[in-house]
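Novice: Got a structure for you, written out below as structure tokens; questions coming shortly.
The values are calculated or read from the model by the stated rules, or taken from the named source; none is laboratory data. All figures in this text were calculated on a predicted structure; none of them were measured in a lab. Virtual Cβ from ideal backbone geometry, glycine too; neighbours counted across all protein chains shown.
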Number of protein chains: 2
Amino acid sequence: MERHTETEQKIIASAEKLFYQKGKAGTSMQDIADDAGINRTLLNYYFRTKDQLFDAVFRTAMGRFVPALAELLHSDMPIEEYIPVMIDRVITAMIEYPQIPAFVLQELNSNPDRLPQVIKEMGIDPDVAMKKMEREERGALKSDIDPRQVIISLLSMCIFPFAARPVIREVLYGGDDDAFIEAMEQRKKLVPLMVRQIMLMKNPIP
Amino acid sequence: MERHTETEQKIIASAEKLFYQKGKAGTSMQDIADDAGINRTLLNYYFRTKDQLFDAVFRTAMGRFVPALAELLHSDMPIEEYIPVMIDRVITAMIEYPQIPAFVLQELNSNPDRLPQVIKEMGIDPDVAMKKMEREERGALKSDIDPRQVIISLLSMCIFPFAARPVIREVLYGGDDDAFIEAMEQRKKLVPLMVRQIMLMKNPIP
DNA sequence: GTCTATATTGTGATAGAC
DNA sequence: GTCTATCACAATATAGAC
């Protein structure tokens with residue numbers, strides 16, 4: 001399908017790396033060209049403008065972790081069955097691309113206009129998602145707790161540790177990155193248990 | 001103590017607003033001057049360089065929520081007693097300054113050199129923090145679970161919802177910001193209960 | 001303290017030779 | 001497809017008048 005020259009590949013790879021790290025405004029076309037080891041004008045040749053190059057990278061970034069999230073809100077199966085596999089998938093993606101969460105969140109924060117695009121690419125219909133939440137409320141989740149609060153906690157526990165990786169690694173794991181990763185691997189099994197505990201709560205808020 | 005002219009105040013206020021929103025590289029000195037309604041060269045007069053102005057803002061940002069976090073790792077009292085008040089304080093700070101989490105996380109991500117400064121200003125000694133964690137392991141937390149995993153989940157559940165605010169608000173609350181805030185208020189009571197449930201887990205990982 | 005004028009460098013983008 | 005040369009413009013920062 002996709003016909004990509006070697007040069008184009010190198011551009012995307014360098015652009016991804018630098019945009020993740022320094023953000024859109026913090027990265028110049030020259031930076032990307034230098035990192036890729038090519039002439040700066042080639043960026044314009046392949047992607048016309050910086051905006052278009054960034055869009056390509058942003059789309060790539062979302063494609064790396066959004067599908068796992070979207071599925072959680074979509075499936076007709078009881079939410080409970082999906083949780084463990086979902087968590088495993090999300091954490092696995094985070095370990096592979098640890099810089100993406102902070103990158104996407106910052107970009108959404110500074111450019112809210114992109115939100116509709118994000119939601120659309122997630123394939124999520126907000127209305128459908130909300131209806132589903134309301135159905136779950138008296139369904140498989142035999143809990144009095146608002147299922148949205150569970151979802152929020154679930155996503156938080158999977159994604160936030162990576163967004164805050166440098167601090168957590170330094171303060172809680174003495175700067176040892178292997179120890180941090182090991183802890184995240186453990187979370188693949190741990191977070192589902194935590195979520196289960198949370199779902200078992202009765203009458204949390206009267 | 002602090003002697004600040006009105007102009008200086010206006011600069012800091014505008015700089016805070018814009019840096020939170022657009023980041024350091026995404027905000028020009030001109031942008032800040034325009035927002036503050038003053039001449040651009042006054043920024044240089046009061047803060048010499050953009051870097052120094054940004055540092056001032058970054059310090060301010062941390063001062064707004066770091067103390068509440070630092071206390072969690074410091075106190076000699078059993079961790080369990082502190083949790084509810086801690087959570088309340090953190091969420092309250094997040095509601096007041098919702099853009100700070102994504103801002104600080106992105107800045108730490110793109111400029112890891114700042115981490116030591118952050119840790120120092122938190123007043124945290126990582127060694128002390130880790131020792132404490134190990135002590136708690138067989139202490140007040142009567143659980144087999146690694147207390148660091150609890151801390152991570154606790155912070156995640158408090159901070160992440162705000163970092164991901166635009167998405168969560170749109171997908172889970174139909175774009176209604178009041179509903180989002182209301183849900184966060186509920187979390188002040190809800191998250192402590194969730195954490196308690198998590199701490200009660202037995203033999204989560206053999 | 002506040003302004004105008006200016007120096008200097010960086011940046012995105014294009015035209016045109018090869 | 002890849003390079004050199006060049007453009008227009010925006011950015012930070014400083015000097016100096018008021």
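Novice: Kindly provide the set of residues from the stretch A:122-131 that are under 18 Å from residue B:164 (Cα atoms) and either assigned to a helix (DSSP H, G or I) or in contact with a Lys or Arg (Cβ under 8 Å, 6 or more places away or on another chain) (or both), ordered by number.
Specialist: A:122, A:126, A:129, A:130
Novice: For residue A:43, state whether it is out of contact with any Ser or Thr (no Cβ under 7 Å at 6 or more places or on another chain), part of a helix (DSSP H, G or I) and crowded, with 17+ Cβ neighbours inside 10 Å. Quick ask: steps written out before the conclusion?
Specialist: Details: out of contact with any Ser or Thr (no Cβ under 7 Å at 6 or more places or on another chain): yes; part of a helix (DSSP H, G or I): yes; crowded, with 17+ Cβ neighbours inside 10 Å: yes.
Yes: the conditions hold for residue A:43.
Novice: Out of the residues in the stretch A:35-46 that are within 10 Å of DNA strand C (Cβ to nearest atom) and hydrophobic (A, V, I, L, M, F, W, C), which is farthest from the other protein chains (Cβ to nearest Cβ)?
Specialist: As a first pass, look at the stretch A:35-46 and keep what is within 10 Å of DNA strand C (Cβ to nearest atom): A:39-45.
Now drop any that are not hydrophobic (A, V, I, L, M, F, W, C), which leaves A:42-43.
On the way: A:42: 23, A:43: 18 Å.
Looking at the filtered set, the residue picked out is A:42.
Novice: Which numbered condition trips up residue A:92, out of (1) buried (at least 19 other Cβ atoms within 10 Å of the Cβ); (2) at pLDDT 90 or above?
Specialist: Tallying (1) buried (at least 19 other Cβ atoms within 10 Å of the Cβ); (2) at pLDDT 90 or above, residue A:92 fails exactly one: (1).
Novice: Just give me the residues in the stretch B:15-34 being assigned to a helix (DSSP H, G or I) and within 14 Å of DNA strand C (Cβ to nearest atom), in sequence order. Please lay out each step first, then the result.
Specialist: Restricting attention to the stretch B:15-34, the residues satisfying the condition of being assigned to a helix (DSSP H, G or I) are B:15-22, B:29-34.
B:29, B:30, B:32, B:33, B:34, listed by residue number.
Novice: Kindly check whether there is at least one residue in the stretch B:55-75 that is within 16 Å of DNA strand D (Cβ to nearest atom), within 14 Å of chain A (Cβ to nearest Cβ) and surrounded by fewer than 16 Cβ atoms within 10 Å (Cβ to Cβ).
Specialist: There is no residue in the stretch B:55-75 that is within 16 Å of DNA strand D (Cβ to nearest atom), within 14 Å of chain A (Cβ to nearest Cβ) and surrounded by fewer than 16 Cβ atoms within 10 Å (Cβ to Cβ).
Novice: Still on this model: Within the stretch A:141-206, which helices (runs of 4 or more DSSP H) (wholly inside it) include 3 or more residues that are surrounded by fewer than 18 Cβ atoms within 10 Å (Cβ to Cβ) and more than 10 Å from every other protein chain (Cβ to nearest Cβ)?
Specialist: Working: elements: A:147-163, A:165-173, A:177-199.
The helices (runs of 4 or more DSSP H) meeting that bar are A:177-199.
Novice: Counting just the residues of the stretch B:47-89 that are within 16 Å of DNA strand C (Cβ to nearest atom) and touching a residue at least 40 places away in the same chain (Cβ under 8 Å), which one comes out nearest to residue B:150 (Cα to Cα)?
Specialist: B:56
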